[in-house]
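The values are calculated or read from the model by the stated rules, or taken from the named source; none is laboratory data. All figures in this text were calculated on a predicted structure; none of them were measured in a lab. Positions of Cβ are generated from backbone atoms using ideal geometry, with glycine treated the same way; all protein chains shown enter the neighbour counts.
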Amino acid sequence: MRYLCVFGNPIAHSLSPLLHNAILQSYKLPYLYGRFMLDSGENLGKTFDKLDLCGANITLPFKEHAYLVAHSLSPLAKRIGAVNTLVRTTSGKICGYNTDAPGFIASLLLSGFRLGSAKGLEESLQSKEMSKLAPLLEQSSGERIESALILGAGGSAKALACALQECGTPVIVANRSSKHEAFFTQRQIPYCLFDELDSSARFDLIINATSSSIAQALPLPESTLAPLLARSKLAYDLMYGTLTPFARISKECGTACKDGADMLILQALSALRLFCPQLADTPRIYTIMRSVFTQGRRA
Ligand code: NDP
């Protein structure tokens, strides 16, 4: 038997074991996927070794620790500065990947949106993480996203901004504080405070990548947000499983809102294919994970 797990704190809520074990069992692969609550990111590397893992996913707040634990990094993980997937190679070295960004991009394409320049997207599809999802992404021919606004500047905002920029979609990041500004300016991604947002601007895609939805709050005042949402083609809240205030306001503005469920499923799918390269039937794996996710949310 080979072992995989997800590290985080808290971790009890994680649906990753459910998603991964459903596929591993369905294909009768000799792997077991568990969850591990880590007290400190300092212990990540030695716990990975002690548990004799062949791979792991990393969630809040340890993605930057995982970046440091990896002996080598995929170009995407290096650019984002965070790792959510660790894979032990046959030589015993640990490789770090970021499958959050491909999960997000794939979720947009799967919903029928087109992104950025054909060349930019084609290049981004070649990353190892993204290529694991490619079979799902062939028929995207819907509305084009020409511009994006990301609300929030934490770990997921960083991954999404880099991914959109790599696909050739112009993106702006707005946050309540300036504490993450350097990351974005170093990568030539425009950054502003919520107060500096022009509510008459137009963005095709508006993403709520703040943690505000956890507290059932809006990330910024409705008077600024609603006019922006009313002009956008798609609102996207990374939170899933509940109607958030952001989603409610989007609906009131007549703008479609997507939640974070597909992103979660697709990042898991990309990670699982990195753990088990023999798993090739991406569309079937997606269908099973989608159905297990829906049942898991009901339970
Ligand atoms: P981080 O903690 O790294 O970043 C949180 C961001 O939210 C920061 O920019 C922070 O601002 C801002 N923020 C926090 N509270 C508020 C508030 N009340 N109002 C406005 N801004 C606020 O979190 P992540 O980036 O990892 O996650 C963000 C969200 O995305 C969470 O809801 C998480 O559950 C979800 N998520 C979903 C995923 C999926 O697969 N669907 C994957 C990853 C995350 P400041 O910088 O000033 O502190």
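General observations
Here is a yes/no grid of residues against (1) out of contact with any helix residue (DSSP H, G or I) (no Cβ under 7 Å at 6 or more places or on another chain); (2) of a type in the set (A, V, I, L, M):
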position	(1), (2)
Leu243	yes, yes
Ala247	yes, yes
Cys257	no, no
Gly260	yes, no
Met289	no, yes
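- Residue within region 195-204 that is assigned to a strand (DSSP E or B), of a type outside the set (S, T, N, Q) and closer than 21 Å to Met239 by Cβ present: no
- Long-range neighbours under 6 Å by Cβ, at least six apart or interchain, first residue closer than 30 Å to Ile214 by Cβ within region 134-154, second at pLDDT below 90 and surrounded by 22 or more Cβ atoms within 10 Å (Cβ to Cβ): Ile145/Leu115
- Residue match in region 110-132 (condition: touching a Pro at 6+ places or on another chain (Cβ under 9 Å), crowded, with 16+ Cβ neighbours inside 10 Å, more than 25 Å from Cys276 (Cβ to Cβ) and in contact (Cβ under 8 Å) with a residue 12 or more places away in the chain): yes
- The set of residues in region 225-253 that are polar (S, T, N, Q), within 12 Å of the ligand (Cβ to nearest atom) and at pLDDT 95 or above contains only Thr244.
- Inside region 150-172, residues that are touching an Asp or Glu at 6+ places or on another chain (Cβ under 9 Å), more than 8 Å from the ligand (Cβ to nearest atom) and outside any helix (DSSP H, G or I) make up a count of 3.
- Flag if Gln188 is at positive phi and not in a strand (DSSP E or B): yes
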